[in-house]
Structures are given as C-alpha cells and as structure tokens.
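Nothing in this text is a laboratory measurement; each read-out follows from the coordinates by a stated rule. These figures come from a predicted structure and were not determined experimentally. Every residue, glycine among them, receives a Cβ derived from its backbone with ideal geometry; neighbour counts consider all protein chains shown.
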Ligand SMILES: NC(=O)c1ccc[n+]([C@@H]2O[C@H](COP(=O)([O-])OP(=O)(O)OC[C@H]3O[C@@H](n4cnc5c(N)ncnc54)[C@H](O)[C@@H]3O)[C@@H](O)[C@H]2O)c1
C-alpha cells in the first residue's frame, strides 16, 4: 500500500521521538520520512551533513518535524552527542533505526587486512554504539523503546566476494539478539529488518560508484546477474525502500510491543523458499528423467540403473 505523499497521513507514532542513523535519501531517508508521517519527531543523523539536511528538508516540506545532525555512528562521542541533542530538543528518545557501516567487496583470496578490519567492525560497532547510548537515554526517561537495525541477506548466507560484508552483518544480527536480552528488563525492544538486494541501489549507484572501473564481468566474480536474482524472488520484484519503511514503522509502533529479538525478512519470500526452487523456471525434465540418469547403490556399491 502506498500512501499519497504530501501530508502527515496517520498517527501510529504520535508523541514518539526517533533517531535515524544513516539517513540519506535511499533507505534511511525513506524510513525517516515514514516515521515522521506517522507522527514521530525525527532526528536525522548522517555522516554526510548534506544528506541529513536534504532528508530533513524533505520531511519538513511534507509537514513533518525533523532535526538534521551530522555525525558518524561509529564515533562514540558523536553518537552520545546526537542522543543528547534528541533528548534536549524533543524531550527523549523512543525509536532508533540504524543502518550505518562500510561495505567492502573482495574475494577472500585478495582480502586486505585493513579493509577487512574496517568493514567487519563497522556495522556491529555502529549497532552497539547507537543501541548503548539510545538505551541509556530510554532508561533515563523510563518509557522503554524500540531499536531497529538494518541487516541484509548477507547476515544469513554466504556470498561470493562478500566475506567482509556477510561477517559484519551476521555480527550485527547476533549483537541485536543479545542486546534484546540485555534490555528486555527496561522494556526496550531490539529487532532487525533484512532486505535482499534493493532495486534502487544495487543496480545503479553501487554498480557505477563502488564497482566503477574495477568492476569485473559477473562470471569472474562468481556474482549473480540481476535477472537471475529476480527469478529467485517468489513475489517477483526487488524490495523498495518503502517496503522496509513499513516494516520499521511496525517495529517502532506499539503494535509490535511484544516483539523483541526478531528479524523481519523483507525479501518477497526469498529466504524461506526451498533453495533449489526458482519460481517460474521449469525445464520440462521431471523426477523420472533424473531417476533414469542415476544409478541405484547399496552400501556404496553400484546396483545398476535406478529405473
Ligand atoms: N542497497 C541495497 O541493495 C541493500 C541491500 C541490503 C541491505 N542494505 C542495507 O541497508 C542499509 C542502507 O543502505 P542504502 O542502500 O540506503 O545505502 P546508502 O549508502 O544509500 O545510505 C547509507 C547512508 O548512511 C550514511 N552513512 C554511512 N556511514 C555512516 C556512519 N558511519 N554514520 C552515519 N551515517 C553513515 C551514508 O552517508 C548514507 O547516507 C545499509 O545498512 C545496507 O547494508 C542495502
């Protein structure tokens, strides 16, 4: 369901204060916009000041209330400052959404130690710092809260050339589960959202800016093609930032008040489908054809054709 833009539409988060770390116009900016549209007042924090300001300008132009702050979610002093500003400006913190970190693509054969350390530490460290300082502020106001970290299918699967990213996101996943246990006594919920590859970036900005001139043809990187990827998503399209934002609104709201330590896959059915099934792909070969081509064995010894 898409709501028409241009006004505060409904109010599932009225009275709540949110901080979004990593809030450029893609996923973070969309989540900030949706939180504001539901009535939350939003602190928009990005390492790039212009990104935070652009998102705040968009929210303000659409009738929401937001404050832009520059800072890195990997810098403890900056995170502390952002949380303190949110408390000072809006009177508390109820919701945190974090997606900050550094992606590094490399085969393990060529892995650079400096790049590995930076990338693997980045996502769980941003997760830990934003959780730690927001939770302290939530405990101080005594009204609980909802903390949401953005994962990726990389948290759940191995990915060629993605060892650093998958290790980082898997660490963030289990960090979030443990933080949920640490903070349950204070009524603070910690959950995650897992998107698969997003249409908006993987096939545009990432290809052009990250892979740039060094991008090698997919077969040499063991990478998947866009069409192959799409064929494996049962709902037949890539997720949009708005799909993630709806999940974030739900987790942030009181509707999700008894959910903690969970992960919501926003992937059109990708993670839980039978891995070998490719929706819509049918070669015509049936199970009897396969059976005719294999040999029956007993105790590891051949016993002739199966059929
Ligand atoms: N784009 C995809 O295909 C995809 C797929 C799965 C998961 N994800 C995850 O979704 C999240 C957002 O992805 P996106 O596509 O919107 O990325 P993006 O690069 O467009 O946005 C990330 C934002 O975070 C900011 N940022 C980076 N490091 C920061 C830091 N240390 N502190 C504060 N802000 C920082 C960037 O300036 C940017 O505005 C990431 O966690 C990413 O891993 C993305």
Worksheet entry | Between 0 and 90°, nearest 10: helix 49-61 axis offset from the chain longest Cα axis | 70
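Note down the relative contact order for region 17-278 as a percent, whole number, built from C-alpha pairs under 8 angstrom at least six residues apart. Walk me through the intermediate numbers first.
Working: 508 pairs, mean separation 47.1, N = 262.
Contact order relative to length: 18 percent.
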Worksheet item: Taking the alpha-carbon centroid of each part, what is the distance from region 122-151 to region 25-83 in angstrom?
Response: 16
Worksheet, complete the sentence: Per GNM of the chain with C-alpha springs under 10 angstrom, the most fluctuating residue out of 198, 111, 99 is 111
Fill in: Cα-based Rg of region 17-278 normalised by 2.2 N^0.38 Å, two decimals
0.98
Discussion item. If the elastic network links every pair of Cα atoms under 10 Å, which of 73, 163, 23 fluctuates the most in the Gaussian network model of the chain?
Written reply: 163
Worksheet entry | For region 26-153, Kirkwood radius (reciprocal of mean inverse C-alpha pair distance, Å) | 15.4
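Highest mean first, how do 150-156, 290-296 rank when packing is the count of other Cβ atoms within 10 Å averaged over residues? Don't skip to the answer; put the middle values down first.
Numbers: 150-156: 23.1, 290-296: 10.7.
In decreasing order of mean packing, 150-156, 290-296 become 150-156, 290-296.
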Practice prompt. Return the distance in nm (one decimal) between the two label points of a simple spin-label model at residue 76 and residue 301, each offset 7 Å from Cα along Cα→Cβ.
Written response: 6.7
Practice prompt. Report the label-to-label distance for residue 48 and residue 14 in nanometres (one decimal), using points 7 Å from each Cα along the Cα→Cβ vector.
Written response: 3.6
Worksheet item: By how many degrees, between 0 and 90 and to the nearest 10, does the Cα long axis of helix 113-141 differ from the longest principal axis of the chain?
Response: 40
Worksheet item: Stretch residue 115-residue 274 to full length: gain in nm at 0.36 nm per residue minus the Cα-Cα span?
Response: 53.8 nm
Practice prompt. Quick one: among 20, 108, 97, which has the greatest mean-square fluctuation in a GNM of the chain with alpha-carbon springs under 10 angstrom?
Written response: 108
Worksheet, complete the sentence: Counted neighbours (other Cβ, 10 Å), sorted fewest up, put 277, 116, 105 in the order 277, 116, 105
Fill in: Helical contribution to [θ] at 222 nm, DSSP H n ≥ 4, -39,500 (n - 2.57), averaged over the chain, rounded to 500
-12000 deg cm²/dmol
Worksheet item: What's the Kirkwood radius of region 238-307 in Å, using all Cα pairs?
Response: 16.9
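Please report, to one decimal in angstroms, the Kirkwood hydrodynamic radius of region 77-206 built from all distinct Cα-Cα pairs.
Values: mean 1/r = 0.0642 Å⁻¹.
Kirkwood radius, region 77-206: 15.6 Å.
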Response to the item:
Going from the fewest other Cβ atoms within 10 Å to the most, one would list 136, 240, 189 as 136, 240, 189
Worksheet, complete the sentence: Given a Förster distance of 41 Å, the FRET efficiency implied by the Cβ-Cβ spacing of residue 229 and residue 88, rounded to the nearest 0.05, works out to 0.40
Discussion item. Once you keep just the Cα pairs under 8 angstrom separated by 6 or more residues, what percentage relative contact order results for region 16-151?
Written reply: 25
